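One structure is given below, encoded as structure tokens.
The values are calculated or read from the model by the stated rules, or taken from the named source; none is laboratory data. Computed from a prediction, not measured in an experiment: that's the story for all the values here. Cβ coordinates were reconstructed from backbone atoms using ideal geometry, including for glycine residues, and neighbour counts include every protein chain displayed.
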């Protein structure tokens with residue numbers, strides 16, 4: 001997400017960073033480029049005009065012009081204004097009500113509403129420790145009810161059955177009654193979508209909203225529709241008292257125009273963003289962190305939270321203890337680390353949150369396809385336990401056998417073993433307290449000089 005916008009903005013800002021002083025002329029030039037970058041990212045025109053004007057006013061004022069480091073001061077201004085247009089701070093769900101807290105999900109067909117219900121149920125269960133029930137009031141789309149039932153089973157939350165012959169209002173009322181008896185904390189209601197906004201759809205969801213009086217009404221919208229996402233969200237916010245927006249499919253949206261437009265156009269906060277197709281691919285929307293990512297400053301806070309959440313702490317503690325005792329790091333340990341990386345979304349997901357990725361050439365970034373880690377795991381899986389514990393056994397014939405077994409080439413097996421050696425050296429440096437040596441060893445994890453694993 002934001003790839004093209006990030007590249008344009010970070011390049012523009014970097015040119016100003018090292019300047020001893022800024023003039024009104026080069027600030028005007030920079031804001032012109034910011035304007036073009038935002039328009040190319042499919043940000044709505046009123047948002048672009050307001051954002052550029054605010055940046056310009058602050059940039060030519062005392063705050064930047066009189067600063068000792070005007071280039072850096074301008075970066076802060078742009079970051080602050082991007083944050084402000086997206087909502088300043090993250091907006092929490094209001095669950096401080098008598099149980100069950102009813103959350104109504106609205107949106108057009110194809111926006112990913114049902115999948116988002118499943119993801120949100122998982123998030124509330126695992127991160128907020130809530131007892132969650134889901135119910136489908138979509139009596140029009142074939143298999144919508146079955147899809148939600150499947151998702152409920154995958155995420156381990158309660159499912160309230162419904163039938164296409166029932167009325168949506170009757171379904172939800174019955175679900176609320178059952179949720180009370182089952183001591184459910186949160187009831188998520190999936191509603192029917194349409195291919196476009198129409199009066200019948202709006203009338204139905206208004207009646208449903210009035211009947212169940214939800215504490216939260218979230219509008220689910222596909223971020224890849226760009227400016228249209230903001231327009232659609234505005235139409236829904238005029239018909240329903242929306243409390244927030246969920247942006248889906250952000251992993252497939254390289255422009256990011258929707259994220260920058262929705263809050264400004266609707267006045268409603270973006271509460272969550274869908275980051276992948278996986279059931280854990282839903283994150284709380286943090287405007288300040290997103291602004292940092294747009295300006296190529298990375299999102300280290302989210303990365304730390306992701307590590308704490310997704311890494312197996314028991315395995316991590318065992319590896320740390322093993323390394324501290326000076327025991328040899330083997331290919332089983334490497335496989336564990338690769339599996340942890342895959343659980344966090346793979347190399348792509350990690351790259352997205354690292355500072356400075358906008359400066360990495362596209363030809364290098366394009367080499368990272370998402371298949372690297374699974375391929376490396378497959379290579380290790382094709383080895384015997386004896387070979388994993390003692391990689392020195394892997395002579396030419398054994399490597400050829402491993403390549404055949406994993407569907408890879410001997411060169412790829414050799415490359416994995418080279419990366420293993422780099423990791424093993426890094427771990428031994430760490431056990432001896434050699435931090436500088438460890439940092440040098442880390443270069444090997446990225447395939448040497450700026451490259452990526454498994455090219």
Could you tell me whether segment 83-94 includes any residue that is more than 30 Å from residue 49 (Cα to Cα) and either modelled with pLDDT under 90 or buried (at least 17 other Cβ atoms within 10 Å of the Cβ) (or both)?
yes
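Yes or no, residue by residue, for (1) modelled with pLDDT of 80 or more; (2) more than 24 Å from residue 47 (Cα to Cα); (3) assigned to a loop (DSSP other than H, G, I, E, B):
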{"site": "169", "(1), (2), (3)": "yes, yes, no"}
{"site": "183", "(1), (2), (3)": "yes, yes, yes"}
{"site": "194", "(1), (2), (3)": "no, yes, yes"}
{"site": "204", "(1), (2), (3)": "yes, yes, no"}
{"site": "207", "(1), (2), (3)": "yes, yes, no"}
{"site": "214", "(1), (2), (3)": "yes, yes, yes"}
{"site": "238", "(1), (2), (3)": "yes, no, no"}
{"site": "246", "(1), (2), (3)": "yes, no, no"}
{"site": "255", "(1), (2), (3)": "no, no, yes"}
May I ask you to say which residue of 115, 150 is surrounded by fewer than 17 Cβ atoms within 10 Å (Cβ to Cβ) and not in a loop (DSSP other than H, G, I, E, B)?
150
